[in-house]
Amino acid sequence: MPAPASPAATGLRPTGKAERFNRTLLDEWAYQRPFASNNDRAAALPDWLHTYNHHRTHTALDGHPPITRVNNAAGHYT
């Protein structure tokens, strides 16, 4: 997989929300503990994303997880 282009090269700049998510991703998943390999780190991502979206509280959402803001999430059609 090629390395992503830098924001300067593309002319795109991430928003504050994207920057905050990236920081959280690094702090709470990628560098939270030593992984034996990149494959082990990648295997841990789906569980972390589920926790982040369904269980981890977010200050900007009054202490609720992001899933509470989604209408008709996959598998939850009402």
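Please treat every number below as a calculation from the coordinates, not as lab data. Computed from a prediction, not measured in an experiment: that's the story for all the values here. With ideal geometry, Cβ positions are generated from the backbone for all residues, glycine too; neighbour counts draw on all protein chains shown.
Some notes on this structure:
- Spin-label model, residue 71/residue 49: points 7 Å from Cα along the beta carbon direction are separated by 2.4 nm.
- Between residue 33 and residue 20, the distance separating the two model label sites (each 7 Å from Cα on the Cα→Cβ line) works out to 2.7 nm.
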